[in-house]
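Written below as structure tokens is the structure these notes are about.
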Amino acid sequence: MTASGPAPDPDPGPAPADSELSVRERALLALERRSWAGPGAKERAIREELGMSPVRYFQLLNALIEDERALRVDPVTVNRLRRVRDARRGRR
């Protein structure tokens, strides 16, 4: 742990077992469950807490919401994200 918080894990590797999510995958879902005070707060948290760019975060998150393991771990968040994604696709 550094003075500014935990050091980001560059690649936590595969999940411990096929039925479990990795630490990074759980962190993505946890960050997505939070509410944000204003513009830029979420992007700042992504960089500071996860040590990745917002673009990479959303790439990983979009893949994660298709994963049935994520649905089992956090169905409320995953279903909400799927609904938002589907609504955006419907408007295009």
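Any read-out appearing in this document is the output of simple, stated calculations on the displayed coordinates, not a laboratory observation. Note that this is a predicted model, so its numbers are computed, not measured. Cβ coordinates were reconstructed from backbone atoms using ideal geometry, including for glycine residues, and neighbour counts include every protein chain displayed.
Annotations
- Length gained on full extension, L60 to E48: 2.7 nm, using 0.36 nm per residue less the C-alpha separation.
- Charge tally in the Cβ shell below 14 Å around V76, where Lys, Arg are +1 and Asp, Glu are -1, V76 excluded: +4
- Cβ-derived FRET efficiency at R0 35 Å, R91 paired with A41, nearest 0.05: 0.90
- Sparse-neighbourhood loop sites, trypsin sites (Lys or Arg not before Pro) in the range 27-76 - DSSP loop, at most 15 other Cβ within 10 angstrom: R34
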